[in-house]
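Here it is, the structure, as structure tokens.
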Amino acid sequence: MAINLKGRSFLTLMDFSPLEIRYLLDLSHDLKSKCRAGINDKLLDGKEIVLLFEKTSTRTRCAFEVGAGQEGAHVTFLDSNSSQMGKKESLEDTAKVLGRYYDGIEYRGYEQSVVEKLAKYAGVPVWNGLTDVDHPTQILADLMTIEEHVHKPLNKVKIAFVGDTRNNMCYAWMYGAAKMGMHFVALGPEELYPDETILKEVNAVAKETGAQIELVSDEKVLNDVDVIYTDVWAGMGEEDKLRERVTLLKPYQVTQELVSNIGTEDCIFMHCLPAYHDFETTFAKKALDEQDIDCREVTDEVFRAKYSVVFDEAENRMHTIKSIMVATI
Ligand code: CP
Ligand code: NVA
């Protein structure tokens, strides 16, 4: 059956079938090849796109802007201080207004219910650019990157998400892995294990796709991992929890030793970025200098290793985001 995603919002991978995700991945690979070859079909010619960011961003914002620009669309960027949304105008009214001007709406912020509400009332596709509980555009880029670097089908890939297994990236990964029939292991402290309701939903999908979703807190039970993935220990809006997080997560820092212990010979390291791998950021330096906190979730050695594919992953944000816009508008 031909896949048609026109008019669909992209709020979570849980809304998409494995075949639909496959379609988006194939389109992403195709758009990347065309981009590299200098072929440009202007697939979004004349379209208008609005980007709503209540949290900061480098990759997601730039991927939308560059992807849209390359395909001939025009973009408006609004941060939380430059619109009436939610403060002087309800989400419902804002969505209805934006839907009259724009062909697609990207939203990054806090609660998933906001992006759901925008999608309910806008009448045009809404794309989730990260919430507190999901980051689906990132997973599409991650799946694409795995296909480029791990030479087996996704349903044969074993991935370990190491660290805060209750955060938006781990949840997004559980959704993606469950849908694509992957072997997903969350490695982190029991205190930060994923929410039971989410696990139930994910396991129901896994039952249908053959995926395996595991939670472990001891790296010794893990081996033959193809992809080692981590994320920051305190995400946007959680910075005040840094000390308690570091105390829990320090044993789960991704080091060369951990990689050697749990990874296959040709395993890869991935990270959604931005990452703390040294003290070249004001945040990491301040935490160290003023609070004696080392917040690095990955060592510089691993981050810069040959098997680290983090910048390919970052590039693929653009190709996959472009494919989401092209497929749904
Ligand atoms: N990975 C990611 O979403 O990066 P940004 O926060 O820079 O958009
Ligand atoms: N967990 C991180 C992901 C950033 C892309 C955050 O929410 O800040």
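Identify the residue in region 113-142 that is more than 16 Å from ligand 2 (Cβ to nearest atom) and part of a helix (DSSP H, G or I) and, among all such residues, is surrounded by the fewest Cβ atoms within 10 Å (Cβ to Cβ).
Ser113
Restricting region 8-29 to residues that are outside any helix (DSSP H, G or I) and of a type in the set (A, V, I, L, M, F, W, C), which is surrounded by the most Cβ atoms within 10 Å (Cβ to Cβ)?
Phe10
A further question on this structure: Just to verify a result, which residue in region 76-112, among those that are at pLDDT below 95 and at negative phi, is surrounded by the most Cβ atoms within 10 Å (Cβ to Cβ)?
It comes out as Met85.
Still on this structure, please answer the following. Condition test on Val298, is it within 16 Å of ligand 2 (Cβ to nearest atom) and either more than 20 Å from the chain's Cα centre (by Cα) or at negative phi (or both)?
yes
While we're here: Checking the conditions here, which among Leu43, Leu5, Leu27 is among the aliphatic types (A, V, I, L, M), within 29 Å of Ala275 (Cβ to Cβ) and touching a residue at least 60 places away in the same chain (Cβ under 8 Å)?
Details: Leu43 fails: within 29 Å of Ala275 (Cβ to Cβ); Leu5 fails: within 29 Å of Ala275 (Cβ to Cβ).
Just a single option satisfies the conditions, and that option is Leu27.
May I pose another question? Can you name every residue in region 146-174 that is crowded, with 24+ Cβ neighbours inside 10 Å, on the phi < 0 side of the Ramachandran plot and either in a loop (DSSP other than H, G, I, E, B) or within 15 Å of ligand 2 (Cβ to nearest atom) (or both)?
Within region 146-174, Phe161, Val162, Asp164, Thr165, Asn167, Met169, Cys170, Tyr171, Ala172, Trp173, Met174 meet the criteria.
Looking at region 266-287, can you tell me whether even one residue there is farther than 23 Å from Leu143 by Cα, small (Gly, Ala, Ser) and over 21 Å from the mean Cα position of the chain (by Cα)?
yes
Moving to a separate point now. Pairs needed: first member in region 50-65, acidic (Asp, Glu) and modelled with pLDDT of 95 or more; second member anywhere, part of a loop (DSSP other than H, G, I, E, B) and more than 11 Å from ligand 1 (Cβ to nearest atom); C-beta distance under 6 Å; at least 6 residues apart or different chains.
Every condition considered, the pairs that remain are Glu54/Ser80; Glu54/Gly109.
Residues that are closer than 19 Å to Cys170 by Cα: list the helices (runs of 4 or more DSSP H) wholly contained in region 206-305 that include at least 3 such residues.
The qualifying helices (runs of 4 or more DSSP H) are 242-249, 256-262.
The values are calculated or read from the model by the stated rules, or taken from the named source; none is laboratory data. Quantities reported herein were computed from a predicted structural model and do not represent experimental measurements. Methodologically, a virtual Cβ is constructed for each residue, glycine included, from the backbone with ideal geometry; neighbour enumeration extends over all protein chains shown.
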